[in-house]
Structures are given as structure tokens and as C-alpha cells.
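Accompanying notes for the structure given below.
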Amino acid sequence: MRIRDRFAKTEARVAPYAFVSPFFIIFAIFGLFPLIYTAWVSLHDWSLLAGDQGYVGFANYRELFHDSDFWRALTNTVGIFLLATIPQLILATVLAQVLNAKLRARTFWRMGVLLPNVTSVAAVGIIFGLIFSRDYGIVNWGLGHLGVNPIDWQGHRWSSWLAISVMVDWRWTGYNALILLASLQSVPKELYEAARIDGASAWRQFWSITVPMLRPTIIFVSIVATIGGIQLFTEPLLFGSGVNAISGGNSGQYQTVAMYLVQQAFTGQRFGYASTVAWVLFLIIAVFAVINVALLRRIKSVE
Amino acid sequence: MNRTQRIAAAAASALVVGVLAAGCGGSGSDSEGSGGKDVTLRVNLFGQFGYKDLYKKFEADHPGVKIVETAEGDLGKYNTKLSQQIAANAAAGDVVAIEEGQTVNFLQAADKFVNLQDHGYDKLKDAYLPYVANATTSADGKTTIGLGTDVGGLAMCYRRDLFKKAGLPTDREEVAKLWPTWDDFIATGEKFNTGIKNDKIHFIDAATNVYNSILMQGGDETYFDRDNKLVVDSNPAVKNAWNLANKMIEANLTAKVQAFTKEWNAGFKNGSFATIACPAWMTGYIKGQAGDSFTGKWDIATVPGGGGNWGGSWLAVPKSSKHQKEALELIKFLASEEGQMGAFKSEGRLPSLPALYDTPELKDAKNPYFNNAPIGQLFVAGAKNLKPVYLGAKNVPVRDAFENVLRSVESGDRSESKGWPAAVKAAEKAAK
């Protein structure tokens, strides 16, 4: 009896931890350990193939601070992020509103907006690369009919940013719209009815009811978009092609920080320096997330 | 439990099961093949090596052995992945291909490859071109990680029909006489431009491809000396190649496309360039990209400056391979006379075994796609003049940096005068 009692007691104490432990174990292996190990590597001169070449303290961080290529990559990343995310979130909110209305074949449209997201990124990259191609691209062909000279989309900073942003928006707008739609459906209809009786315009209803009610979801969506945007890698990589696509254009005009990281690690073989880039990238994302929350807190919430 | 929770729980348990299964999978494959039966050899290559028939032969001679090839089309991606796998000492496959530019790089991790000197390399090595035999041997001479397969003996491919339109000779001997030197080549290009009267058709594809070809002809050293010190600023070979490439840009000879991009591939189909620096393996690439409608329109002449090299490969067995014995047999077979002739026949890859150069099979080989050009003789001539070139461990990042700056001059983003200092600066950074 006693043993069984004690066992039951222990079980009651331990079981909850055991139940939540899989997450923490998996997180420790795949999340925490790489994080700490990367920090450790970043303090070393570490060649990918030749291995550890010795402890260098914060030398990598000092070098990164003066590395014009890194700052250029950061500017590109933030530029593409802003150019892509802001229109994307606005568009997604509007799209969610539209999908929430009484439409014919509603499920069809709702599923439809998710299609770009389930398309393989590689295919998206190839197709958009062709669409924005200099010599035989459809965009330049269309512009040609308007009397505009062909644009070397890969060649300039602004044009490559724009093309990549279009690619990102094409993939993610529908996905975000669906998340916003889900939360839109939980907004009580009475609020709108009351507003209508008070004579509020559609715009006023949107701004004073929809947006505040959606606030938690908007915060979630924009933080996820921030993390994705700052780690942007595949789209710009596939936008360029060829052996040296990782350098993001001839003068790195569309190389993002994540691409710079991979270039340092695998072309440059500088594993230690790449780890430094990774850690700084991590800190930048954290800063951006905090800014995000601070800004979005200012949206009035309806309790 | 409501529905969402149930789904979440199901997903979570699926994940856990998946992780466990993956863990078991790793240990499961250990036991397989230890008895010498039912071995699957994974061969990890880039591009087309033309080994399909050779695999069949090997499998027939070695009952129970099955060969699975994975070929990555993008060399940059391939190198990245292989570096990862070798650095982690796992999952690289049983046989891997090492490209010319990466040999010095992988020699840094020589302990992660099977040392061929423990498996009779002494008896094999004299049969290869000396440069091929030495390229995968460590500086102390004690470790050899790869067996040479093909070399990129250089020639110049050109479009007969476009040359005719531009009023230039089309016969390959006559064409070769047009350009004994690169300056003559530029002069020919200028004549081509005035003759063709079409600004959509260019003389060469890209400045970088010619630049690399000239650089590799310079011989001995390129960006690095043998102590791995960066010598871009003092090595006249680099400056010479750079200047010639800039002259071509200035004369408006290039189509301004980047090698191995979609635009470059489209350029073959649309016929936007008339010549291309052409190592032996390129013939297979041109045929694949341009397609059957261009049969007989291409031809091959000798390259300006005489001979040279672009590319070439070695086969190695990573230590992480669980079937090293069979893998070693396979690379010895693929790098043997029979194996190299097979790759030459199917993909035009030029052997690195000089004994084959005098065989009638190679001497008389003609390529119908290239207007029956005697590819054997043309490429062998290129390979015989081949000078061994030392490429430093950081060759690839430095080459990328140089190419990027050259391309920015080509596209007009940078003036020619600003190009060279920018390239040197970028090279210094990339060499860190």
C-alpha cells in the first residue's frame, strides 16, 4: 500500500513534466544546442573543411562591424523586407475582408488564395526568373509595348528588390489572408450591426472594429512575416541563377544577410565568421520583433 | 479532447515516431552489405558524366552491387552540399566527384577521404597526365584523395552559319588561322560585328568565360602562389587576362550573359552568340541546350593562345562510406582506360590518360553535331599543351569576386578604370 502510495505521489509530481518534456527535449537538441554551439564557433577562426584554427575572441564580431558587404546585405534585406511585407499585410487584410463577404463559390476562392503557397519555391523562383528575364522576359515584353526600354531586372538594386518583393508577396499574401480570415470570423456580428445603426461608414467599421479585433492576429502575422523576411533566402537565390547565384548579383545588389551567411560558410569556407553573421542575424530579428510589438501595441484593442 | 486537440496530438505523435524512425534508419543501414551481398553504391556527381553503360557493366561483373547515381546540375550547389557532407563526415555517398576548382579545398580535409595510396595508387598514377595525378595529392605527398577522370582540354566552338553571314571563313582550319592570339581573336570579333549587322547577335557569350580561359593558359599560378599567398596584384597572368577581357567588352563583342544561367541557356537556343570557349565537356552541354535543330551549325577550331584547360574532375571515396571496398573498385574502373573511353563516347569528356590519345578510337573520333569535327584530335591538342596550374584553397571565392566585378564592368555598372582596383579589393576580402 505504502509503496503504491508513494509511487502515485511521485507519478503525480513527475507525470506533467514527462508529458511536456518531448518539446523541451526536441527543442534542446534542435534549437538550443545549435544556438549555443554557433555562438561558440563564432568566437573561433574556423574553416569549414580544415576545422578549428584557434580561439579569436570577438575578432569576428569586430570584423563584421566594419564589413561593408555585410551592411550592404543588411540594407538589401531590410529594403526587400519593407518593400514586400507592408503591401503584403495590407493586401492580405483587404483580401481577408473580401473572402469574408458573401461570395459565390466561397470555399473555392478561399482554397485558391492558398495555391501560391503550396507551389514549390523552386518552381516559383524559376518562373519568376523567366518572367523578369532581361532578354526574353514577359515583363519586358509588356513594357516594350508601352515604349519602355527593356529593364535588366537583375542588374539594378531597385529593380531586383522589386522583382523579389513581388515573388515574396505572390507566395505569402494568400496564406496571411487565410489566417486573418480565420480571426475575422470570430468578430461578433453584433458589433457591425450596432455600428451600422450608429451610421458608421464601411471604412470607419473597418478601422474601428475589424482592425482592433484583429490586433492579436496582426501581431502574429507580422512577427512571422518579419522572421521570414529577415531570413529571406530562397527567392533572391533563385532569382539569380548560374554557378555563383549566392553572391546575389554582380555587386551583391540583392544579396540578403542569409545569403551572405551561406556564402561565407560554403564558398568562403569561413565557418566561424558565418556563425558570427548567424548570431548577429538572430539578434537583429529579435530587435525587429520587439519593434514590431511596440508599434502594433498602439493599435487600440477591444477587450 | 476536441477536434483540434486530437489533430495536434496525432501530429505530435507522428513527429515523435518520425524522429525515432529516422534514428533507427541510420543504424539499420549499417548492417546491410557487411556480408558482401546486396550492396548499394551511391554515386554523387555534378552535371553529366556519361556513366550509365559503365554502371551496367560494373553491376554485371559484381553480382549484388547496385549503383544509384545522383547528379546535381548546379555546380555551386553541388560544392556547397559536398562541403557540408564532408565537413560533417556523413551522408556524402560512396563515390563523389571533385571538380578542379575544389581539389585544394578538399585536400584540407584529406583525412575525411580514403587515402588511395593505401590502395595501390603508386601503380596507377604514372598512367595519368602528371598534373592530374598530382592535383589530388596533399602537399606532403602522403595522401591522395581522388582518381582523375576527365580533363577540360580547351578549344573554341563557333557557329558556321553566323560566320558565313558575317563574311568570315567557315572552314575550321581557316578559322583557326584567324586567331593565333587573343588580340587576333578580338580583331576577328570586330570584323564579325561589322559583317553581321545585327546587334542581337554577339561574337562571344560572356567576358568571364574568355577571361578564365586566358587565365588558365597563363600557367603555373593564378590568384595564389604555392604558399597560398594572394598574388592577384603581382601576377602578370591575371592582369593580362583581365586586360584582354576588358578589350572585348570595349569592342562590344559580348552578349553579356552569365555562364550557366537561364539567359545563357536561352542564348544557345536563340543563337545570340557565335563563339564560346569550349572545353571537351562543353560539347555535350551545347548539344543539350541548343538542341537538334542546330545540328551541323556548330563547329570546333583550336583556341587562341594554343591549348589550355577549363574544368576536369576526380573521383573520391569519402571515409563515411560503408562500402569502401566496392566504391574503390568502382572508381578504379571508371577512371580506367575503359571507363574514360566510355565517358568520352557518351558525353565527349576528354580522358586524362595520355595512352588513350594515340588510340585510333580517340584520334579518329568525330562529332556529327559539330559538323563532324575531329574532336579527338582537337581536344587532345589542347590537353597536350596543358600546363599544370596551381589553384589555391580560396580559389573559388576569389574567382567569384573577380568574375562579379568583371561582369559589372561588362554590364556598364562600373567603368573599366574602376574595375581593376575594385577586383583586387574584392579578391583580398574573399581570400580571408
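Listed values, structure above:
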read-out: 222 nm mean residue ellipticity, helices alone, for chain B (DSSP H n ≥ 4; -39,500 (n - 2.57); rounded to 500); value: -14500 deg cm²/dmol
read-out: Ranked by how many other beta carbons lie within 10 Å on average, peptides B:128-138, B:63-73 from highest; value: B:128-138, B:63-73
read-out: Per-residue average of Cβ from other chains inside 10 Å of A:246-254; value: 5
read-out: Computed FRET value (nearest 0.05) for A:ARG196 with A:SER68, which takes r as the C-beta separation and R₀ as 45 Å; value: 0.20
read-out: Residue of B:PHE260, B:PHE294, B:PHE224 that the Gaussian network model of chain B assigns the largest fluctuation, springs spanning Cα pairs under 10 Å; value: B:PHE260
read-out: Stretchable slack from A:GLN53 to A:VAL78, in nm (0.36 nm times residue separation minus alpha-carbon distance); value: 5.7 nm
read-out: Neighbourhood charge, 15 Å Cβ-Cβ cut-off, centred on B:ASN134 and excluding it, Lys, Arg +1 and Asp, Glu -1; value: -2
read-out: Crossing angle, helix B:337-347 versus chain B [Cα axis fit, 0-90 degrees, rounded to tens]; value: 60
read-out: Computed Kirkwood radius, in angstrom, where 1/r is averaged over Cα pairs of region A:152-256; value: 16.4
read-out: Per-selection metrics, region B:335-381 (Cα): Rg and Dmax in Å; value: 9.8, 29
read-out: On Cα atoms only, tilt of B:236-250 relative to the major axis of chain B in degrees; value: 60
read-out: Charged-residue dipole, Cβ positions (Lys, Arg, Asp, Glu), region B:138-206 about Cα centre, Debye nearest 20; value: 300
read-out: Orientation-averaged projected area, Cα convex hull of region A:80-136 (nm²); value: 5.5
read-out: Kirkwood-Stokes translational diffusion coefficient of the protein assembly as shown, alpha-carbon pairs, 20 °C, 1.002 mPa s, µm²/s; value: 74
read-out: Using a Förster distance of 45 Å, the FRET efficiency for B:ASP61-B:THR295 (Cβ separation, nearest 0.05); value: 0.80
read-out: Charge dipole (debye, nearest 20) of the protein assembly as shown; +1 at Cβ of Lys and Arg, -1 at Cβ of Asp and Glu; value: 2720
read-out: Total charge dipole magnitude, region A:1-124, about the Cα centre, Cβ charges on Lys, Arg, Asp, Glu only, Debye to nearest 20; value: 1140
read-out: Region B:137-276 - Rg over Rh from alpha carbon coordinates, Kirkwood radius; value: 1.05
read-out: Shielding by partners - mean other protein chain Cβ count within 10 Å, residues of A:263-272; value: 6
read-out: Accessible area, probe 1.4 Å, largest first, for residues B:LYS200, B:LYS123; value: B:LYS123, B:LYS200
read-out: Using alpha-carbon coordinates, inclination of helix B:324-334 to the longest axis of chain B, degrees; value: 30
read-out: Linear extension gain, B:GLN377 paired with B:ALA187, 0.36 nm per residue minus alpha-carbon span; value: 65.8 nm
read-out: Relative counts (whole %) of C-alpha pair distances in region B:35-102, using bins that are 5 Å wide; value: 4, 15, 25, 23, 15, 13, 6, 1
read-out: Rh by Kirkwood over Cα pairs, then Stokes-Einstein D for chain A at 1.567 mPa s and 4 °C, µm²/s; value: 57
read-out: Label-point gap, in nm, between A:PHE220 and A:ILE127 - each point 7 angstrom along Cα→Cβ; value: 2.8
read-out: Accessible area buried, both sides summed, chains A and B with 1.4 Å probe, Å²; value: 2900
read-out: Residue mean of other protein chain beta carbons inside 10 Å, B:368-376; value: 0
read-out: Ordering of A:262-268, B:231-237 by burial proxy (mean other Cβ atoms within 10 Å per residue, highest first); value: A:262-268, B:231-237
read-out: Cα pair distances of region B:93-187 binned at 5 Å [whole percent]; value: 2, 11, 18, 16, 9, 6, 8, 9, 10, 8, 3, 1
read-out: Within the protein assembly as shown, percent of DSSP bridges classed antiparallel, to nearest 5; value: 65
read-out: Ranking by accessible area, most exposed first, for B:ASP413, B:ASP140, B:ASP205 with a 1.4 Å probe; value: B:ASP140, B:ASP413, B:ASP205
read-out: Inverse mean reciprocal Cα-Cα distance (Kirkwood Rh) of chain B, Å; value: 23.2
read-out: For A:TRP46, distant residues with modelled amide H under 5 Å away; value: A:GLN53, A:PHE271, A:GLY272, A:TYR273
read-out: P(r) tail fraction, region A:1-82 - alpha-carbon pairs more than 19 Å apart, %; value: 68
read-out: Relative contact order of region A:80-150, defined on C-alpha pairs under 8 angstrom at six or more residues apart (%); value: 12
read-out: Area of B:LYS363 that stays accessible when all protein chains are in place (1.4 Å probe, Å², to 10); value: 90
read-out: Spacing of the two label points (7 Å from each Cα toward its C-beta) at B:ASN198 and B:SER415, in nm; value: 3.5
read-out: Carbon + sulfur, % of accessible area of region A:1-107 - ligands and nucleic acids excluded, 1.4 Å; value: 70
read-out: For chain B: accessible area per residue (Å², 1.4 Å); value: 42
read-out: Taking the C-alpha atoms of region B:210-302, convex hull volume expressed per residue in Å³; value: 123
read-out: Region B:79-198, accessible surface, carbon-and-sulfur percent (1.4 angstrom probe); value: 49
read-out: Accessible surface of region B:296-375 [probe 1.4 Å, protein heavy atoms]: carbon and sulfur percent; value: 52
read-out: Total formal charge among the other residues, if their Cβ is under 12 angstrom from that of A:SER159, Lys/Arg +1 and Asp/Glu -1; value: +1
read-out: Residue among A:LEU115, A:ASN76, A:ALA101 farthest towards the positive dipole end of region A:56-121, charges placed on Cβ; value: A:ALA101
read-out: Of B:VAL151, B:VAL303, B:VAL409, the one that fluctuates the most in a GNM where chain B has Cα springs shorter than 10 Å; value: B:VAL409
read-out: Max mean-square fluctuation residue, GNM over chain A, Cα-Cα springs under 10 Å, options A:ARG157, A:ARG104, A:ARG171; value: A:ARG104
read-out: Accessible area, probe 1.4 Å, largest first, for residues B:HIS62, A:HIS44; value: B:HIS62, A:HIS44
read-out: Label-point separation, A:MET111 to B:LYS387 (7 Å along Cα→Cβ), nm; value: 6.7
read-out: Alpha-carbon centroid distance for the pair region A:133-177 / region A:254-288, whole angstrom; value: 27
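The values are calculated or read from the model by the stated rules, or taken from the named source; none is laboratory data. If you're wondering where the values come from, they're calculated on a predicted model, not measured in any experiment. FYI the Cβ positions are ideal-geometry reconstructions off the backbone, even for glycines, and counts take in every protein chain you see. For accessibility, only protein heavy atoms count, side chains too; no ligands or nucleic acids. Shrake-Rupley method; radii C 1.70, N 1.55, O 1.52, S 1.80 Å.
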